[in-house]
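Quick note: the coordinates plus some simple rules give every number you see, no bench work behind them. This one's a predicted model, so the numbers in the text were calculated from it and none came from an experiment. Here the Cβ is made from the backbone with ideal geometry for all residues, glycine too, and neighbour counts use every protein chain on show.
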Amino acid sequence: MRIERRFTRAGTSPYAGIEWKRATSEIRNPDGTLVFEMRDVEVPAAWSQVATDVIAQKYFRKAGVPQALKPVEENSVPSWLWRKVADEEALAALPEDQRFGSETSAKQVFDRLAGTWTWWGWKAGYFDCEDDARAFFDELRYMLARQMAAPNSPQWFNTGLHWAYGIDGPAQGHHYVDPETGEVRRSQSAYEHPQPHACFIQSVADDLVNEGGIMDLWVREARLFKYGSGTGSNFSNLRGENEPLAGGGKSSGLMSFLKIGDRAAGAIKSGGTTRRAAKMVVVDIDHPDIEQFISWKVHEEQKVAALVAGSKLCDLHLNRIMEACHAESERLGEEAFDPKRNRALKREIIAARRVQIPENYIQRVIQFARQGYRHIDFPTYDTDWDSEAYATVSGQNSNNTVRVSDDFMKAAIKGGSWDLVRRTDGRVAKTLDARVLWDQIAYAAWSCADPGIQFDTTINDWHTCPAAGRIRASNPCSEYMFLDDTACNLASLNLMAFRDADGHFRVADFEHAVRLWTIVLELSVLMAQFPSARIAELSYRYRTLGLGYANLGGLLMSLGLPYDSDEGRALAGAITALMTGAAYRTSAEMAEELGAFPGYPENREAMLRVIRNHARAAHGREDGYEALHTTPVPLDHAHCPDAALLEAAVQSWDEALTLGERHGFRNAQVSV
């Protein structure tokens, strides 16, 4: 493939025109004590302190970076692209404590990311010639430094550690697909094939301990959380509470296992940093335990409220009881501990009972006071999300979602009945009023922001690969929806970086960036390892990508467009249409050179139908859509304030469809 230069010049460093600075990054506790500090962090001068803190605290490799490197010669690779390893001879000349350390410059991070992507692209024949590879390398480094685009966190954590520094470690049970043979292989090391994907959807079978079952899912999730990724699963295959087991007993139900997974996720920090594990739990609206699932977090939030209020009331009243004992001890002696003799103690006991302080605690602190103690240390809790109160309740480490169908929504609208279906034999476990069940969802969401809703029928109407099965779940933030046991690699384009001072949106630059980052994400499929053989196989077979954008709100504000306005929505729609259309166009371009994704032939007609529907929406069509249960809201041409952007968006979809009809697509999905 040919790679155009728009931001850099051949023979000149992409960093040459960028001013750099040395900064300090630190984290302090509320009391001022220092938790983390790194001095002399090299970043672009235009970067904010927040950006500096993010790269220094979360994305710099903190240990094991050799302070002397040497290249590993490869005859088939240009010398500037050779990977590097520790120079043992040079390191031996350094003091032992100076041989390995941390990354300290953003340039190191940009180089290892862009270099790794380019290295894999070169090895797999993605570039027409060396000049194209070099242009790709330089353009990406420039865009990273200028904050024009960014990959997802696992790329920052993992990508390039082996290529740039020779860092490796023992295999962690991952698998990858050999690009030359298409065979799934077990990884032999931790970083030679990095784990760059952020978003996973994993299946879970109604099986306790075997591969693909419940306990195996926790292991697969742990592999993802360790390297900074998130995962979602639809748990609707699990039988409901009291459904029969093969051994003659009864199932403990869906909720008992969800609580185990919640605890496991809460124990792991993503990528070994301060970010918590990201997890999505999806349950179908007809599951026998759906009511308990809907109200799960509501009840846990109430427990937190009880812990907070109860702990503070206990601390207050129990210490008042002790004070009352000692206030009269000199006058009454031993009788000071008898409420019949000590009126102040009696008042405090009555006050404690009024707010439901347990009687055993009341009697215990009286005994404690009799032993000479004047104060009881009763820990109190607060409602901070990271507090001990939330750590003691379940359901805090996942986003919960109910999967609803059009049939359920129609029943809720009409006030009809809704059957909950047993998983073991398909019999009706319970029949509910659909409207009442919908109200339970609404109340829970109002109370604690969970569960969310996924509209199953509409999602599958836009499924590009229905021959492979239905879409049943999503990643934690719901931007990636595809088959079970697949993964998606994300990247975001910073919209404000494509806005000129006069408010003009640089359409051509944006399209150029979309093309390059679509290639980056495709290369990330090529180089990646995955937490199971099945995910490796399907991710290679369908090659789903997740290009997106950031800073839409900033762009709208800079243009004086209200967020909730026809013009604001139309502009957002046009940018989204251009990004996705240009990405599919790039995917078809790659298919011409490298072939369509392996699962394309059996899904060709369905995928082209979806692309045609997208193209119709880009043209602003109100009708003529194929095989949809719900007509989409089309692109609003009348209110779009940028004619050039609108024209490019429409053209991108026309070209994506034309090229896709000829060559197919390299990727089953390209954007989120």
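In table form, for the structure just shown:
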{"item": "Computed over the range 459-663: relative contact order in percent, which uses C-alpha pairs under 8 Å that are six or more apart", "result": "25"}
{"item": "Prolate/oblate/rounded label for the range 459-663 (Cα gyration tensor, a/c 1.5)", "result": "prolate"}
{"item": "Computed FRET value (nearest 0.05) for Thr392 with Val35, which takes r as the C-beta separation and R₀ as 30 Å", "result": "0.80"}
{"item": "Share of Cα-Cα pairs in the chain lying beyond 42 Å, as whole percent", "result": "37"}
{"item": "Theoretical gain in end-to-end length, His629 to Thr24 [0.36 nm per residue, Cα-Cα removed]", "result": "212.3 nm"}
{"item": "Amide H partners (placed H, <5 Å) of Thr231, local residues excluded", "result": "Phe200, Ala278, Lys279, Met280"}
{"item": "In the range 319-391, the chymotrypsin sites (Phe, Trp or Tyr not before Pro) that fall in loop regions by DSSP, at most 12 other Cβ within 10 Å", "result": "Trp385"}
{"item": "Percent antiparallel among DSSP beta bridges (both partners in the chain, rounded to 5)", "result": "55"}
{"item": "Sequence-distant residues sharing a close amide H with Val85 (under 5 Å, placed H)", "result": "Lys70, Val72"}
{"item": "Under the Karplus curve 6.51 cos²θ - 1.76 cosθ + 1.60, θ = phi - 60°, whole-Hz ³J(HN,Hα) for the range 166-177, x wherever Gly or Pro sits", "result": "x, 6, 8, x, x, 4, 10, x, 7, 9, 9, 9"}
{"item": "Net charge of neighbours whose Cβ lies under 13 Å from the Cβ of Ala93, counting Lys and Arg as +1 and Asp and Glu as -1", "result": "-3"}
{"item": "Efficiency of FRET between Thr424 and Asp128 - r from beta-carbon atoms, R0 60 angstrom, step 0.05", "result": "0.55"}
{"item": "Under 15 Å, Cβ to Cβ, from Ser565 - net charge with Lys/Arg +1 and Asp/Glu -1", "result": "-4"}
{"item": "Diffusion coefficient, µm² s⁻¹, Stokes-Einstein with Kirkwood Rh over alpha-carbon pairs of the range 434-494 at 10 °C and 1.306 mPa s", "result": "115"}
{"item": "Point-to-point label distance, Glu359-Ala467, nm (Cα→Cβ direction, 7 Å offset)", "result": "7.3"}
{"item": "Radius 12 Å from Cβ of Arg370, net charge of other residues (Lys, Arg +1; Asp, Glu -1)", "result": "-1"}
{"item": "Cross-link pairs Lys123/Lys279; Lys250/Lys414; Lys303/Lys410; Lys312/Lys346; Lys58/Lys312; Lys312/Lys430 - those with Cα-Cα distance over 30 Å", "result": "Lys123/Lys279; Lys250/Lys414; Lys303/Lys410; Lys58/Lys312; Lys312/Lys430"}
{"item": "Karplus-derived HN-Hα couplings along the range 155-163 (A = 6.51, B = -1.76, C = 1.60, θ = phi - 60°), whole Hz, x at Gly and Pro", "result": "5, 4, 5, 10, 5, x, 4, 7, 5"}
{"item": "Residue-span extension gain [Asp407 to Asp178] - 0.36 nm each, minus C-alpha spacing", "result": "78.1 nm"}
{"item": "Fully extended contour minus Cα-Cα distance, from Glu622 to Lys70, at 0.36 nm per residue", "result": "192.6 nm"}
{"item": "Whole-Hz ³J(HN,Hα) from phi, Karplus 6.51 cos²θ - 1.76 cosθ + 1.60, for the range 563-577, glycine and proline x", "result": "4, 9, 9, 4, 5, x, 5, 5, 5, 4, x, 5, 5, 5, 4"}
{"item": "Cut-off under 5 Å, modelled amide H: who pairs with Lys430 long-range", "result": "Leu420"}
{"item": "Förster radius 25 Å - calculated FRET efficiency between Asp384 and Val50, Cβ distance, rounded to 0.05", "result": "0.75"}
{"item": "Distance in nm between pseudo-label sites at Lys303 and Ser252 (7 Å out along the Cβ direction from Cα)", "result": "1.4"}
